[in-house]
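Chemist: Attaching a single structure in structure tokens format; questions to follow.
The values are calculated or read from the model by the stated rules, or taken from the named source; none is laboratory data. Because the structure is predicted, anything quoted here is derived from the model rather than measured. We place every Cβ from the backbone using ideal geometry, glycine too, and count neighbours over all the protein chains shown.
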Amino acid sequence: MDFITNTLAVFPALLFAVPVVVQLALGAMALALVLGLLIALARISNIKILRGIATFYLEVIRGTPLLVQLVYIFFVLPSIGVSIEPVPAGILGLGLNYAAYLSEVFRSAILSVEHGQTEAALSLGYTPTKTLWKVVIPQSFVVSMGPIGNYFIAMVKDTALTSVIAVTEILKTANILNSQTFQTTAIYTAAAILYLIISLPLSRIVVVLERKARANG
Amino acid sequence: MADDTIIEVRDVHKTFVSETKRTLWSRLTGRPHVEKRVEVLKGVDLVVHRGETIAILGSSGSGKSTLLRCINKLETIEAGRIYVNGHLIGYEERDGGLIAEKASITAQKRTDIGFVFQHFNLFLNKTALGNVMAPLRDVKKLSASEARNIAVPNLEMVGLGDKMENYPSKLSGGQKQRVAIARALAMEPSVMLFDEPTSALDPELVGEVLSVIKKIAQQGTTMVIVTHEMQFAREIADRIVVMDQGIIVEEGPPSQIFTAPQHPKTRALLSRSGILPA
Ligand SMILES: Nc1ncnc2c1ncn2[C@@H]1O[C@H](COP(=O)(O)OP(=O)(O)OP(=O)(O)O)[C@@H](O)[C@H]1O
Ligand SMILES: [Mg+2]
């Protein structure tokens, strides 16, 4: 009984960290979507240099841990004169990292759009560029909705990593509470449950979005 | 060139080259391991006049689709010339040869050529109305209300006034093809090209599409139709063109082609379709 009461007692304190998590997740997702689409376009472009740069970026991001990337941005960049506040640094790190993974989603979604759609657009007088933006990319969004949603949920959970770069998100808040009260079990159980409370509804939304997308496809 | 010439195809050659780079050596040298060349069009000449309805017949693989696709530059050509309304499509003439023109110029010229595909190729994320409005808005830059004022009568003309809000997934094959026809027509092209518009349809849906095409022909639209529907071709076409192995072997009015075919390939084609006794 004590355990449950203690756990419940921690929640209000942890809830103060939720706006930070929302800020991190939305900011980083916006960055990742835009950058991810640009990387995907670079990867399928005819220009060799663009393809090379995009592929290099992808390999660097996927070949190093997100935790290391965050630490690098926050602790190493200041040594070359670029100091970034914790929350913007977290948004930047998460965004740059997820952009790489989302670019793969976009790329395969773009390539999965039937060639007949492109031919129809061209035959109606769309230029190749207009075909890409007006016909292919909008349809690829429908296909990528589910994977994007899943990456978003993963990102929400990965915000916990920003605790190491001084972002006062849920885990960092729990750490602080723990150092003050030593109710380790109650505090971290509450933190885990809070992540669940956030991510479970998100998973439901993703499932519904996917089903909707498939119905119209 | 006579004034009423809409399409002029002159000595067009087209070869498909497929390469496979399978060995390490061919990848290192950049030379293909296997290079397969198929000459699909071997010198095709064809003139289409304003208001004419042309039906192209021919056995499978004879190059009918390829010819049609070359006319609006969905395929490249190696030699020859194709003019639509007096303009080369996809190319500029330079020192007696052809060089590729800017994609935006080709796009502009394509607005004058309607194309109807065997598999409809409707935009899957748009309703029937959305499909017809899309090119009016995106290509012709019309306002939503202007586009709608053009799209609605076109959909009504193909008999889909009550299906305008349906997505392609909620339309039958015949309905999808009629939307595709309305979409092409709404751009007011000076010629419509049909590539086997009924071949992907269940037999009971063929009729509704053919009657729409017939209606358009009667309105005086210039059309080139690739089809296996012999009876339909006979009824609707001003001129029948028969292709075999990349060339046009025979052309003439249906009355002549169907009753007194000159070329053995035409006779073979017609007897296979049960029009002529074997
Ligand atoms: N993209 C391509 N790459 C290689 N070969 C091709 C390609 N498209 C068509 N071909 C070949 O070109 C030849 C002519 O094809 P085409 O589609 O023009 O014939 P068709 O007369 O339309 O036949 P069908 O009645 O079956 O539609 C065929 O042998 C085909 O295999
Ligand atoms: Mg064909």
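Chemist: Restricting attention to region B:175-190, report how many residues are surrounded by fewer than 21 Cβ atoms within 10 Å (Cβ to Cβ) and away from every other protein chain (no Cβ under 12 Å).
Modeler: Number satisfying all stated conditions: 1.
Listed here are the residues, each with its yes/no results for (1) under 14 Å from A:Ala32 (Cα atoms); (2) touching a helix residue (DSSP H, G or I) at 6+ places or on another chain (Cβ under 7 Å).
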position: A:Ile61; (1), (2): yes, yes
position: A:Thr64; (1), (2): no, no
position: A:Leu67; (1), (2): no, yes
position: A:Leu70; (1), (2): no, yes
position: A:Phe75; (1), (2): no, no
position: A:Ile110; (1), (2): no, yes
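Chemist: Which of the following residues is within 16 Å of ligand 1 (Cβ to nearest atom), more than 22 Å from B:Val84 (Cβ to Cβ) and surrounded by 14 or more Cβ atoms within 10 Å (Cβ to Cβ): B:Val224, B:Val242?
Modeler: Checking each option against the conditions leaves just B:Val242.
Chemist: So which residues in region B:51-73 are within 10 Å of ligand 1 (Cβ to nearest atom) and among the hydrophobic types (A, V, I, L, M, F, W, C)?
Modeler: Listed by number, the residues that qualify are B:Ile56, B:Leu57, B:Leu67, B:Leu68, B:Cys70.
Chemist: On to the next question. Quick one: which strands (runs of 3 or more DSSP E) lie wholly within region B:161-275 and hold at least 3 residues that are farther than 25 Å from B:Phe120 by Cβ?
Modeler: B:239-244, B:247-252
Chemist: Just give me the residues in region B:51-94 being more than 14 Å from ligand 2 (Cβ to nearest atom), touching a Phe, Trp or Tyr at 6+ places or on another chain (Cβ under 9 Å) and part of a strand (DSSP E or B), in sequence order.
Modeler: B:Arg81, B:Ile82
Chemist: While we're looking at this one, here's another question. Considering B:Gly61, B:Gly51, B:Gly30, B:Gly43, which residue is closer than 18 Å to B:Thr227 by Cβ and small (Gly, Ala, Ser)?
Modeler: That would be B:Gly61, the only listed residue that is closer than 18 Å to B:Thr227 by Cβ and small (Gly, Ala, Ser).
Chemist: Then there is this: Yes or no: region B:200-220 includes at least one residue that is within 16 Å of ligand 1 (Cβ to nearest atom), within 14 Å of chain A (Cβ to nearest Cβ) and not β-branched (Val, Ile, Thr).
Modeler: yes
Chemist: Out of the residues in region B:95-144 that are in a loop (DSSP other than H, G, I, E, B) and hydrophobic (A, V, I, L, M, F, W, C), state the one that is farthest from the other protein chains (Cβ to nearest Cβ).
Modeler: Of everything passing the filter in region B:95-144, B:Leu142 is farthest from the other protein chains (Cβ to nearest Cβ).
Chemist: Which pairs have Cβ atoms under 8 Å, sit 6 or more apart or on different chains, and link a residue in region B:36-47 that is under 14 Å from B:Met243 (Cα atoms) and more than 14 Å from chain A (Cβ to nearest Cβ) to one that is of a type in the set (S, T, N, Q) and within 16 Å of ligand 2 (Cβ to nearest atom)?
Modeler: B:Val40/B:Thr66; B:Leu41/B:Thr66; B:Lys42/B:Gln245
Chemist: Tell me whether region B:11-23 contains one or more residues that are surrounded by fewer than 12 Cβ atoms within 10 Å (Cβ to Cβ), away from ligand 1 (no atom under 16 Å from the Cβ) and either in contact (Cβ under 8 Å) with a residue 12 or more places away in the chain or over 22 Å from B:Ser199 (Cβ atoms) (or both).
Modeler: yes
Chemist: B:Ser60: exposed (fewer than 12 other Cβ atoms within 10 Å of the Cβ) and closer than 30 Å to B:Phe258 by Cα, yes or no?
Modeler: yes
Chemist: Looking at (1) within 19 Å of A:Thr118 (Cβ to Cβ); (2) facing another protein chain (nearest Cβ under 8 Å), can you tell me which one B:Ser169 breaks?
Modeler: Only one criterion is unmet by B:Ser169, namely (1).
Chemist: Which one of these does A:Val18 not meet: (1) within 19 Å of A:Leu161 (Cβ to Cβ); (2) buried (at least 17 other Cβ atoms within 10 Å of the Cβ)?
Modeler: All conditions are met except number (2).
Chemist: Output the number of residues of region B:77-99 satisfying the condition of being farther than 20 Å from B:Ile6 by Cα and either within 12 Å of ligand 1 (Cβ to nearest atom) or without any contact (Cβ under 8 Å) to a residue 60 or more places away in the chain (or both).
Modeler: Matching residues across region B:77-99 total 6.
Chemist: Tell me which residues, restricted to region B:229-244, are closer than 15 Å to B:Arg267 by Cα and in contact with a Ser or Thr (Cβ under 7 Å, 6 or more places away or on another chain).
Modeler: Within region B:229-244, B:Met230, B:Val242, B:Met243, B:Asp244 qualify.
This table checks each residue for (1) surrounded by fewer than 23 Cβ atoms within 10 Å (Cβ to Cβ); (2) at pLDDT below 95; (3) of a type in the set (Val, Ile, Thr); (4) within 16 Å of ligand 2 (Cβ to nearest atom).
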site: B:Glu165; (1), (2), (3), (4): yes, no, no, no
site: B:Phe194; (1), (2), (3), (4): no, no, no, yes
site: B:Leu201; (1), (2), (3), (4): yes, yes, no, yes
site: B:Gln218; (1), (2), (3), (4): yes, yes, no, no
site: B:Glu229; (1), (2), (3), (4): yes, yes, no, yes
